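What follows is a set of notes on a single structure, which appears directly below.
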Amino acid sequence: MNKRIPHALLAVGAAALLAAACTPAPKQNKVADPGTQVSGTVELWHFFTEREANAIESVVKDFQSTHPNITVTIKSGQDDSKVTQAIGAGKGPDVGLSYSTDIVGKFCSSGAWVDLAPYIKRDNVDLNKLNATTRQYTEFDGKRCAMPFLADAYGLFYNKDLFAKAGIAGPPKTLDELTADAKKLTVKNPDGSLKTVGFLPLFDFYENAAAHLAPAVGAKWLTDDGKSAIAADPAWKTLLTWQKSLVDWYGYDKLQKFRAGLGDEFSGDNAFQKGQVAINVDAEYRLAFIKDQAPKLKYGVAPLPTTDPARYGAGYVTGNILGISKNAKNPEAAWELIKYLTTDDKAIVKLANLIKNIPTTTASLADPALQVDPDFKAFLDIFANPNSSTTPPSASGPAYQETFGTFLTSWQAGKVKDLDAGLADADKKVNNVMTLGG
Amino acid sequence: MTATLDAPPAVLQGAAPDRRIRRQHRLAWIAKHSIAIVLAIMFVTPVVYLVLISLMTSDQALTSNYWPDTWHFDNYVRVFLVTPLPRYLLNTVIYAVLATAFMLLSSVPAAYALAKLRFRGRNVLFLTIICVMMLPPQVVTVPLYLMWARYGLTGTIWPLILPMLFGDAFSIFLLRQFLLTIPNDYLDAARVDGCGEWRTLLRVVVPMARPGIAAAALFQFFYAWNDYYGPLLYTGENENSWTLSLGLASFHSVHHVDWNLVTAATVLTMAPIIIVFFFAQRAFVQGVTLTGVKG
Amino acid sequence: MVAGSIPQKKPLRVRLRHHATVLSFLAPALIGIAVFFLYPLVSAVYFSLTKFDLLSVPQWVGLDNYKRMGEDPYLLQSVRNTLWMVVVFVPVRIVSAIGLSMLLTQLRRGASAFRTIFYLPALAPPVAATIAFVYLLKPGTGPVNTFLAHIGIQGPLWFNSPAWAKPSLVLLGLWAIGDIMVIFLAAVLGVPATLYEAASLDGANAWHRFRYVTIPTIQPVILFATVTGVIYTLQYFDQAAVAGSIASGQATVGAGISQNFGFPEGATFTYPLWLYTVGFRYNALGYANAMAVALFVVAFAVTVFLLRRSKAFSGEES
């Protein structure tokens, strides 16, 4: 075989590759002067479908009626990796709407989403109108590249019928009360296997992620310089010790066997909705599911139980986010759309009513047009609580949470003998994995 | 003597009119068919379950209630209302048919060259072609996607079809192995008769290699038909180019999936290729004619 | 003149014509190799030496990614899982496919119906198929365990048990065996009847005919199934990720891959799953490419080994 050919191919390949790999430097977006007329087309990508996509479409129509010079085209069903790939290839949307905060760290630090500070300053947008926690998960390393678009808040759902049967007056307010209630509510089969579980303490069950339970003890994920705080923060140790004691009381194998027979979280067989689990951690979107799939269920909503009574009422908060791509052909129009969707209180209330998530500005929270029933109000309160927290953005996305999650899997299975050593090791693993993000 | 699928070759049956031997044959016949029936039940049950889900309400899907409480044949209608299935079907057909045709055009000659022609570097080339399969797709797609984006072909199905004009490693490997099983005597006979290599391939080899070619074609066709990640990557941003497999994902929201509609759409996606397979089986039946060796 | 069998120097014109002929057969494939293999391979090697997140210009880091691989505990775990799959999954599937093909050749009535039924699961889109399969094996309420309980057997937790999760994936692969079964069927049907006749005349019974006629004749296809089986099982990802998500009760989340990768307890945590997670969810494409290059090297080594060992069966000299 001709020896020259492979070399030539290699050269061609390398050249083509370098040409492709050298993504252009972020454009220096010149911010227009205040009061300039804005016009053009904006392309919006999001991941919602069906009912939620329709809701977004109707609000965008409102936007277009008040901004007749701007046309918006919407593409649904686009997830984070599609957006990342498109932007990396030099194309993609003008505005991206993501359903999680995982990408904020990377998109802010790499400039994939542009810095919104100049726009915010020029248009005098008051960021204090936004809930404090939502501000936390839309900026990274001092750069604000995103704005919050509707939020989720997590709390405790409890089965009122089972509570009455067990003689428990109200929802638990401390972790000890939760343990006591869980034990009282648990019913076993004649052969010793579990029939009804008061509270299922496994970390990988439904919404029991460590992030969702962290506000119960006020645990911190990252230190101020972005390193893992897991070993240093004693709150984690408290949480894990509490959780393991409850797991051991049930019996890990018995719990896994019980859990294996439970239905899918979002199906009609959801264990809480079927009364197989009496107390469950979940977010406000569960309300719509219960209304739909288990309308006869008598349930209550309460904040997470906490170790410190002063912190009671707090919960985990997260949400969807909007940003402007660095490849946007019309960043000014894109900013107008984002500004409308995230700071126009009427638009936010309409969206919240349609999608049944939590509006993110203080004014919209108090707006009488917002459809609120007592259960939804409980979540609004959790959302507004100053002690509520979120998971800080990171350049490696959800890496630190998932790495800790694998440690928790071993922990609850009883494979970690020394908790302190285990947490220190988890720290190391988390720091190591976070360096992937750069 | 031909070996067809409907009648095992006489050799496998043996040939003795003795009563005892006939009874042995009957027991063997019963045993084989019983095993086949039990296996068939096991194979078909999950598919039946998929069909059952497609007839349930969304709330009952994926619950422990495996038999529909209420029967919803209208799910099959709803599927057409929610997504433009006919357009996805058209895209899928174009993709599968063209990919298969192009694959055959480019891969059969290459496989023949690797199996039956002599040239320096043949083994190296063969190994290189196998190597093509060894790079994980997640990693191959990044530079290829950048390349296609440069040519403005993202958002269409062409990045999926055009590469088939340049050979498909899996198919080349498969075809080569099949072609190896064809005795060289037939090729020598053709060459003696004055056929060039191309005529030898087309007139002599292809008819003999029909089962193998049919297998490779079926493989490619079904792969393209059910391909999800390819269309997701290249057509994801342009709904007009979506294929059926992407259409299945239309029923997903962030927290909710209409599994009954997903399975209904799945059944609709599977129906055409089941029919294709049922009729394509004949390609196996027809042609294994390997009459004795020369002389 | 018979091509290639006379070891003497042929005139230049003939040789050139021969080369041109060969080239005409190979030209499209050669282009394909250059564009769709060499280019991505060079690219993969290049990116593996950088820190790259797809959104910024790649930064050169030399062998750092490879060094990281040596110290990555998740990598080690994922390698163990993937190796288990290769060692178990590939042989079990091949043996079963040959067995099923032979069974099919023995059936007379309804052969095409059986063939279609055995092939059916392979025609189902992988995600839907995995969901149906996992749901039928659901421990508490699924029909399989209910049936087993009726006949007195305590069924395992299948996809929810760390010990049974991978065997359950093998079962899933066996159920979807139609794809390689079809290939073996074509191969088995291609065995010349004359060979069976000859063996029969020599006094061989059914088992002998299978062992000494069928198997040797289909050796090239067995080799093919082994090599492709190893290569693809090294990249086994979708079904494991989806099955893990469904078994953990989150069939719906995100793109179908839940945050607890490798449920239960990391049993379904394969190498490609880690590669995908690291590259596309943690934004470390450089590291992912290093993992891909390592995977390529392993696949290459195994393939060369397999090809060398079966040189006698590759049909080089018939």
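We did not get these values from a lab; they are worked out from the coordinates using the rules stated. What you are looking at is a predicted structure, and each value in this text was computed from that prediction instead of being measured. Positions of Cβ are backbone-derived with ideal geometry, glycine not excepted, and every protein chain shown enters the neighbour counts.
A few remarks follow.
- Global geometry of region B:84-251, whether rounded, prolate or oblate, following the gyration tensor of its Cα atoms and the 1.5 cut on a/c: prolate
- Choice from A:Ser228, A:Ser396, A:Ser267 with maximal GNM fluctuation in chain A (Cα, 10 Å cutoff): A:Ser267
- Alpha carbon centroid spacing (whole Å) that separates region A:96-144 from region B:18-69: 56
- Once the Cα atoms are used to define both axes, helix A:331-343 deviates from the longest principal axis of chain A by about 30 degrees.
- Each residue of the protein assembly as shown gets 180 Å³ once the volume of the Cα convex hull is shared out per residue.
- Bridge orientation summary for chain A: considering DSSP beta bridges with both residues in this region, about 70 percent are antiparallel.
- The lysines within cross-link reach of A:Lys195, meaning a Cα-to-Cα straight distance under 18 Å and a gap of 8 or more places when in the same chain, are A:Lys160, A:Lys165, A:Lys183, A:Lys184, A:Lys254, A:Lys257, A:Lys274, C:Lys138.
- Three-way shape call for chain C based on the alpha-carbon gyration tensor, with the a/c threshold at 1.5: oblate
- Under 19 Å of direct C-alpha separation, and excluding same-chain neighbours fewer than eight residues apart, A:Lys415 reaches these aspartates and glutamates: A:Asp204, A:Asp248, A:Asp253, A:Glu402, A:Asp425, A:Asp427, C:Glu265.
- D_trans [Stokes-Einstein, Kirkwood Rh over alpha-carbon pairs] for region A:335-438, 4 °C, 1.567 mPa s, µm² s⁻¹: 76
- Helical segments meeting 15 Å axial Cα length and Kyte-Doolittle 0.5 threshold in chain B (DSSP H): B:19-53, B:85-116, B:122-132, B:137-150, B:169-180, B:210-226, B:259-285
- The GNM of chain A, with springs linking C-alpha atoms under 10 angstrom apart, assigns the highest mean-square fluctuation among A:Thr406, A:Thr174, A:Thr391 to A:Thr406.
- Between 0 and 90°, nearest 10: helix A:345-355 axis offset from chain A longest Cα axis: 60
- At R0 = 41 Å, FRET efficiency that the Cβ-Cβ distance of A:Arg51 and C:Arg108 yields, to 0.05: 0.15
- Using bins of 5 Å that start at zero, the share of Cα-Cα pairs per bin across chain B amounts to 1, 5, 8, 11, 12, 12, 12, 11, 10, 8, 5, 3, 1, 1, 0, 0, in whole %.
- Debye equation applied to the C-alpha atoms of chain A, log10 I(q)/I(0) at 0.10 Å⁻¹: -0.78
- Global form of region A:259-306, assessed from the alpha-carbon gyration tensor, a/c cut-off 1.5: oblate
- Each of B:Asn238 and C:Leu63 was given a label point 7 Å from its Cα along the Cα-to-Cβ line. The distance between the two points is 4.5 nm.
- Relative to the longest principal axis of the Cα atoms of chain A, the long axis of helix A:419-434 makes an angle of roughly 20 degrees.
- Under 13 Å from a label point set 7 Å out along the Cα-to-Cβ vector of B:Ala28, the amide N atoms of region C:190-220 belong to C:200, C:204-210.
- Structural descriptor for chain A: relative contact order 25 percent, calculated from alpha carbon pairs under 8 angstrom and at least 6 residues apart.
- Signed unit charges on C-beta, dipole axis of region B:10-75, positive-most listed residue B:Trp67, B:Ser54, B:Ile30: B:Ile30
- B:Arg203 paired with B:Ile275, simple spin-label distance in nm, labels 7 Å along Cα-to-beta-carbon: 3.8
- Counting Cβ atoms of other protein chains within 10 Å of each residue's Cβ and taking the mean over peptide C:155-163 gives 2.
- Label sites at A:Asp33 and A:Asp161, each approximated as a point 7 angstrom past Cα along Cα to Cβ, lie 6.9 nm apart.
- Rounded Å value of the spacing that divides the Cα centres of region A:351-368 and region C:259-313: 46
- Listed by chain and number, the lysines placed with their C-alpha closer than 27 angstrom to that of A:Lys350 are A:Lys61, A:Lys75, A:Lys121, A:Lys129, A:Lys291, A:Lys339, A:Lys377; residues fewer than eight positions away on the same chain are left out.
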